[in-house]
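Below is one structure; the comments refer to it alone.
The values are calculated or read from the model by the stated rules, or taken from the named source; none is laboratory data. Computed from a predicted structure; not experimentally measured. Heads up, the Cβs are rebuilt from the backbone with ideal geometry, glycines too, and the neighbour counts pull from every protein chain shown. With ligands, DNA and RNA removed, areas are computed over all heavy atoms of the protein, side chains included. Shrake-Rupley method; radii C 1.70, N 1.55, O 1.52, S 1.80 Å.
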Amino acid sequence: MEIEGRDFMNTPPLKTVRFGGNVVATLAKFKQGDTSDYELLKHQLADPDIKDAQIINWLQEFRNCVTQLSKDHEQLIYVVLRLPWLGRSPAVVEEYLAFLSNLVSAQTVYLRACLKMVVSNFTPKRVKICEGGVDISDSDDDDENLPRNFDQCHQALQLIARYVPSTSRFLMPILTENFPFVQKSSRTLECYVHNLLRVAVYIPSLRRDVLELIISRMLKLDVSASRGEIEEVEENAVQQEMKGEQEEEGLFDMDEDVCSVKSSPAGTNVMVHPVAERLDTLMVVLLAFIKHMCHVNGCLDVEQTKDLYKDLVCVFDKLILPTHASCHVQYALFYLCSFRLALAEAFLEHLWRLLQSPSHPAVLRQSAAGYMGSFLARASFLPVATVRACLDLLVPWLHLYIDSQDSGSRAYCDITLHGPFYNACQAVFYTLIFRHRSILEGDMKKGLAYLQGLNLERIVMCQLNPLKVCLPAVTNMFAAITRKYQLVFCYTIIERNSRHVLPVVRSSVGGDCVSTNTNPLDSFFPFDPYVLKRSSKLIEPLYQVWEEPADTEVDTVTTKRVRQCSDADEDDFLRGETPETKGVMGMTPGSYESHLHSPSNVGSPPIAFL
C-alpha cells in the first residue's frame, strides 16, 4: 500500500474491507428470512467508490452461484447490472462479461434487463453543468473513453447474442424504446444511431428493422425543416456574420489581428439551423454505413450491396415513398444506387412497377412518378441509354392511357381521376428538360428523330390537358425547349389554359381576395438540390445541377402573363417565396418554393422562365 505522499486528513480510507458473509451464505440467509446481510450486500454493490478488486471478487462469487439467482433476487441482480464496469481495468471488464454470459445462459429471465443495461450505454452519459448558478443537464461529449466504452458494450451484446439465439427478438423493442428524442443534441443522436448500425453489422437479421427505425426518426427531422427554410436561415447567418465583420473592421481597423481571431460560420461545416444540423450529422453516419457495408477492402461486394439494397427499398416503400416533401433522407438510396448501374436500373424498374400498377393507391403511384422523373433528371451517373429506356416505358404508357380515355366519359382535365397520368407527364417533361442535351449530343439527327418518335404533341394536345396542372416552371421550360427543336408548340395551349384560372378559391379570411393554386398536383421533386453541408460532399459528385440553356428563348408575352397573374403576389415571386394560398388545401410551401422560386436553388429553372 502506498503511504508516502498521502494526505491523511483529506483522503478517505481505502476500501479493502467488506462486510457480511459471502454471496452463497447471504442468499441462504435470505431464503430463511434473514435479510440483514442481503441488504448490506446491495448497499456495498451500490457504493459509487467501489474498487476494481471488489468488483472482481463480487462477480466471481455471483458466477459460482448463478443458478441460485432466480426471479426472487431481481432487485439484487439490478444492482449488479448497475455496477460501473465500463472504462474499468481489463480484468473488471473481462469478469463482468463472463458474469453476463453465465447469467443469461442460466437465468434467461434476466435477458431483457441485461439488454437494457447494454443499450442504455449507447449514448454519452448525462452530466450536470452549472451555468449561472443553474444546473443544466447535458451529454458528456468530452469523454475520451466513449469509443472504448462503446466497443465494450458491443462486445457484451455479441456475447449475449451468442449464448441466447432469441436475443434479436427481444433486442429490437429495447432499441426502439431507448432511441433518444429527435430534439436531443446532435452528438447524442449520432452516438446512438452509430451504435444501432454497428448492431446491424453483427446481427444481420435486425438490419432492416434498424434501418426502418433510424429512417423513421430522420424523416421526422426532415419534414420539420423545409429546404427553403434551411437556406433562409443559413443565408441570414452568413449575412449577419459579414455584417459583424464589417463592423469590427470599422471599429478595430488599427488592429489587424482582431478580425482574424473570429472564424466565420460560413466557412465551417456546422449548420446554423438546429434541425438541419442534427439531420446532417445523421446523414453522414448513414451514408458512411452504406459505403462500409458495400465495400470490402475498397472493392464493391456485389452480394452485400444487393442485400442492403433490398432492405433499403423495403424501408423506402414503407416510410419514404408515403412521406410527402421530404428533402434529404431519400438520398441514402440515391447514394447506394450510384455504386452500380444495375442498382439504379433496379430502382427505376421498381418505381415503374409502382406507377403502372392500378392496385396501389393513387397517391403512391403519383409519388413514384415524382421519384422516377427526379431520379432520371438528377442522377448524373445514369447513362443516356438508361434515360431513353425509361422514356420508352413512360411515353407509350401515356399514349395507351390517352387511348383508353379519349373515347370515354372521363376525357377531361380532372386531377382526382387522372392523378398518376398527370404526374407521369410531369416526370417526362422534367426528364426532357434536364436530359434533352445528352439525348441530342453525338448525333443530332438521330436524337431529334428519337424525340419526334415520342409523339409528345399528342400528349400535350390530348383532352386531358396535362399542361394545365403541371408546375408552371416545368411547363414553360418544356415549352421553350420543344419549340426550339420544333417538337411541339405548347404556347397556344398555355395561353388558353391561362384564361381558365383553375382552381380558384376565396380567401378564408373573407373579402373579395382570391388565390390561385399553381401547384394543383401538390407535387414535389424528391431529388431537388441537397443543402446539408457535411453529407453533401458525398452527393455533389453524383448530382446533375441545373444548367441554364442560354440559347433557349422564352416567349416574353408568356413570361409577363405568368408574372402578372396577380399583382399582390409579384413581390413573393421576386423574393422566392410561395404566394399566399390560404384557401387552398394541399399546397406544399416547401416543395413549391424549392422548385420554382428559390434564388439560391442552383437546381431549379430560373425565375425568368416562370
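Annotations
- Flag if GLN239 is open to solvent by 60 Å² or more (accessible area, probe 1.4 Å), over 30 Å from CYS314 (Cβ atoms), part of a helix (DSSP H, G or I) and out of contact with any strand residue (DSSP E or B) (no Cβ under 8 Å at 6 or more places or on another chain): yes
- From HIS360, HIS324, HIS350, residue being in contact with a helix residue (DSSP H, G or I) (Cβ under 7 Å, 6 or more places away or on another chain) and not in a helix (DSSP H, G or I): HIS360
- Residue check, CYS191 within 24 Å of GLU95 (Cα to Cα), touching a Leu at 6+ places or on another chain (Cβ under 8 Å) and not β-branched (Val, Ile, Thr): no
- Options ARG148, ARG217, ARG162: the member that is within 30 Å of PRO322 (Cβ to Cβ) and charged (D, E, K, R): ARG217
- For the range 29-69, the tally of residues that are modelled with pLDDT of 90 or more, in a loop (DSSP other than H, G, I, E, B) and of a type in the set (Gly, Ala, Ser) stands at 1.
- Pairs with Cβ under 9 Å, 6+ apart, first in the range 42-66 and within 20 Å of PRO90 (Cβ to Cβ), second in a loop (DSSP other than H, G, I, E, B) and among the acidic types (Asp, Glu): GLN54/ASP47
- Considering the range 226-246, the residues that are in contact (Cβ under 8 Å) with a residue 60 or more places away in the chain and of a type outside the set (Asp, Glu) include one that is farthest from THR281 (Cα to Cα), namely GLY228.
- Output for the range 477-490, where each listed residue is open to solvent by 10 Å² or more (accessible area, probe 1.4 Å) and either out of contact with any helix residue (DSSP H, G or I) (no Cβ under 8 Å at 6 or more places or on another chain) or not aliphatic (A, V, I, L, M) (or both): ARG483, LYS484, TYR485, GLN486, PHE489
- Hey, PRO396 of a type outside the set (A, V, I, L, M) and either crowded, with 24+ Cβ neighbours inside 10 Å or farther than 15 Å from ALA344 by Cβ (or both) or not: yes
- Restricting ALA98, ALA113, ALA91 to those that are open to solvent by less than 60 Å² (accessible area, probe 1.4 Å), farther than 18 Å from GLN158 by Cα, outside any loop (DSSP other than H, G, I, E, B) and of a type in the set (Gly, Ala, Ser) reduces the list to ALA91.
- Flag if ARG187 is among the basic types (Lys, Arg), assigned to a helix (DSSP H, G or I), at pLDDT 90 or above and more than 20 Å from LEU100 (Cβ to Cβ): yes
- Looking only at the range 332-381, residues that are more than 18 Å from the chain's Cα centre (by Cα) and polar (S, T, N, Q) come to 5 in all.
- Residue in the range 307-318 that is closer than 14 Å to PRO420 by Cα, open to solvent by less than 10 Å² (accessible area, probe 1.4 Å) and modelled with pLDDT of 95 or more present: no
- Restricting attention to the range 192-212 and to residues that are in contact with a Ser or Thr (Cβ under 7 Å, 6 or more places away or on another chain) and open to solvent by 10 Å² or more (accessible area, probe 1.4 Å), the residue that is farthest from VAL118 (Cα to Cα) turns out to be SER205.
- Check on GLN405, in contact (Cβ under 8 Å) with a residue 12 or more places away in the chain, over 29 Å from the mean Cα position of the chain (by Cα) and open to solvent by less than 40 Å² (accessible area, probe 1.4 Å): yes
- Which numbered condition HIS436 fails, given (1) open to solvent by 50 Å² or more (accessible area, probe 1.4 Å); (2) of a type outside the set (Gly, Ala, Ser); (3) in contact with a Phe, Trp or Tyr (Cβ under 8 Å, 6 or more places away or on another chain): (1)
- For the range 322-340, filtered to residues that are open to solvent by 10 Å² or more (accessible area, probe 1.4 Å) and of a type outside the set (A, V, I, L, M, F, W, C), the residue that is nearest to LEU300 (Cα to Cα) is ARG340.
- Subset of the range 63-101 (residues that are polar (S, T, N, Q) and within 23 Å of LYS29 (Cα to Cα)): ASN64, THR67, GLN68, SER70, GLN75
- Meets criteria (open to solvent by 10 Å² or more (accessible area, probe 1.4 Å) and either assigned to a loop (DSSP other than H, G, I, E, B) or modelled with pLDDT of 95 or more (or both)) for ALA368: no
- Consider the range 341-362 and keep the residues that are open to solvent by 30 Å² or more (accessible area, probe 1.4 Å) and touching a Ser or Thr at 6+ places or on another chain (Cβ under 9 Å). The one that is nearest to THR323 (Cα to Cα) is ALA362.
- Summed over the range 439-470, residues that are open to solvent by less than 20 Å² (accessible area, probe 1.4 Å) and farther than 12 Å from ILE494 by Cα total 9.
- Residue ID - modelled with the lowest pLDDT, chosen from residues in the range 1-28 that are closer than 24 Å to SER89 by Cβ and open to solvent by less than 60 Å² (accessible area, probe 1.4 Å): THR11
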